[in-house]
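Here's the structure, in structure tokens; my notes come after.
The values are calculated or read from the model by the stated rules, or taken from the named source; none is laboratory data. For clarity, every value in this text was computed on a predicted model and none was experimentally measured. Glycine also receives a Cβ, built like all others from the backbone with ideal geometry; neighbour counts cover every protein chain displayed. All accessible areas refer to the heavy atoms of the entire protein, side chains included, with ligands and DNA or RNA removed. Shrake-Rupley method; radii C 1.70, N 1.55, O 1.52, S 1.80 Å.
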Amino acid sequence: MALPPKPKKRPENPCFSSGPCAKRPGWSLQALSAACLGRSHRSKAGRAKLAEVLDRSRAILRLPADWRIGIVPGSDTGAVEMALWSLLGPRGVDVLAWEAFGKGWLADVMQQLRLADLRKFEAPYGQLPDLAAVDFGRDVVFTWNGTTSGVRVPDGAWIPAAHDGLVICDATSAVFAMDLPWDRLDVVSWSWQKALGGEAAHGMLALSPRAVRRIETYQPPWPLPKLFQLAAKGRLNEGLFRGDTINTPSLLAVEDAIDSLRWAESVGGLDGLVARTQANFAALAAWVERTPWVEFLAQVPATRSPTSVCLRIVDPWFLGLDAGRQASVVARIAEGLEKEGAAFDIASYRDAPPGLRIWAGATVEPGNLAALFPWLDWAYAALRAESGAGAVAQS
Ligand SMILES: Cc1ncc(COP(=O)(O)O)c(C=O)c1O
């Protein structure tokens, strides 16, 4: 069987990383020319920029009017930790973990907060834990889209709209790509560096009125560093949700966030972003379907992430290699395609099973994905042939 020829056409933008994700189509440094640089973030001009991020995010995401939305330090990690440390304690907690980030939140609740009444719901890479077993009379912590396994919750139907505990959701690789059921959630976090291709370092925290009530009626027994403080004198720090950030944000990153939000509006807001993501995912799924050596890591179709698409290699030759050699095959594909300028950052996450991870969110242009597929086919076939295993068997 002949090897596929080396493709001639490279993706115009080879950025397929799952964070920081590709900048929006047409982005250049010029997009930052109106940045409020060298000014105080507390100046009228600086505050207007911060408020613009909050207002545009709220509108695009269709956040309910009675929710608060704020910019916090430490990216998505900062936002999640702030929520865990400020809110958990008064009730038992159910924590769900099925990939690296959920596992990290679980470890923090167990080892740092050391909550006695904790139930863990874990699943291996590729699967979800039993969502039906979660008790919403307790506080619940979960990740909407597991970026490192490409497994998402299928929808919000497993979360009752009326629940006594708080539902805390790390949604960083889901917002601006999937429709979230705000009425079933209480705390939602994300960062700028994911679906809209913004810059890292700043997190977003959205709180339901029930989450605010918890903040105003509960004082955690542990010390809270200034960076985590959502309350002052027993009341919510309302200023934080108007752009009075706890510490100094980068106004360059803020400008970039505004640019990304304006772009999101230009493609039709949330509906447009979801449609672009879904179209990309459909193209990827069609390639997986016709490619005998790959499969989705997510076993159940409804749980397959349309943003951080994680693939495992199912070719018998590859499966016959030991774990170290499998990892080195993946590394060589990723490094080879990077050297060719055809794809950046497509190896699976360091703790995940060896495979490929391709971001397919709205900032990725469909033409770039289409141009990527022949390179993947070529890289794998070339590597396999070089190892003496010959050409890939066609299904
Ligand atoms: C699900 C999830 N949670 C948290 C994080 C950490 O995000 P950040 O580095 O923006 O804090 C990531 C980053 O990839 C993620 O995918």
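Some notes on this structure:
- The set of residues in region 24-74 that are closer than 29 Å to Pro306 by Cβ and within 16 Å of the ligand (Cβ to nearest atom) comprises Val53, Ser57, Gly70, Ile71, Val72, Gly74.
- Screening Pro4, Pro11 for residues that are open to solvent by less than 10 Å² (accessible area, probe 1.4 Å), within 30 Å of Leu376 (Cα to Cα) and either in a loop (DSSP other than H, G, I, E, B) or among the small types (Gly, Ala, Ser) (or both) leaves exactly one candidate, Pro11.
- Residues that are part of a helix (DSSP H, G or I) and either open to solvent by less than 50 Å² (accessible area, probe 1.4 Å) or not charged (D, E, K, R) (or both) within region 233-254 comprise Gly239, Leu240, Phe241, Leu251, Leu252, Ala253, Val254, listed in sequence order.
- Residue in region 104-113 that is closer than 23 Å to Arg312 by Cβ, at pLDDT 95 or above and open to solvent by 20 Å² or more (accessible area, probe 1.4 Å) present: yes
- Test for Ser18: is it open to solvent by 20 Å² or more (accessible area, probe 1.4 Å), modelled with pLDDT of 95 or more and part of a loop (DSSP other than H, G, I, E, B): no
- Answer from Ala379, Ala370, Ala334, Ala385 - the residue that is at pLDDT 95 or above, open to solvent by 30 Å² or more (accessible area, probe 1.4 Å) and part of a helix (DSSP H, G or I): Ala370
- Check on Val151, open to solvent by less than 30 Å² (accessible area, probe 1.4 Å), at pLDDT 95 or above and in contact with a strand residue (DSSP E or B) (Cβ under 7 Å, 6 or more places away or on another chain): no
- Residue ID - farthest from Glu255 (Cα to Cα), chosen from residues in region 27-48 that are part of a loop (DSSP other than H, G, I, E, B) and in contact (Cβ under 8 Å) with a residue 60 or more places away in the chain: Arg42
- Single match in Val151, Val175, Val140 (criterion: over 28 Å from Ser250 (Cβ atoms) and within 12 Å of the ligand (Cβ to nearest atom)): Val151
- Residues (farther than 18 Å from Arg152 by Cβ, within 11 Å of the ligand (Cβ to nearest atom) and in contact with a strand residue (DSSP E or B) (Cβ under 8 Å, 6 or more places away or on another chain)) located in region 75-109: Ser75, Thr77, Gly78, Ala79
- Boolean, Pro129 is open to solvent by less than 70 Å² (accessible area, probe 1.4 Å), assigned to a loop (DSSP other than H, G, I, E, B), on the phi < 0 side of the Ramachandran plot and more than 15 Å from the ligand (Cβ to nearest atom): yes
- Being free of Cβ contacts under 8 Å to residues at least 60 places away in the same chain and out of contact with any Leu (no Cβ under 9 Å at 6 or more places or on another chain) is not true of Arg332.
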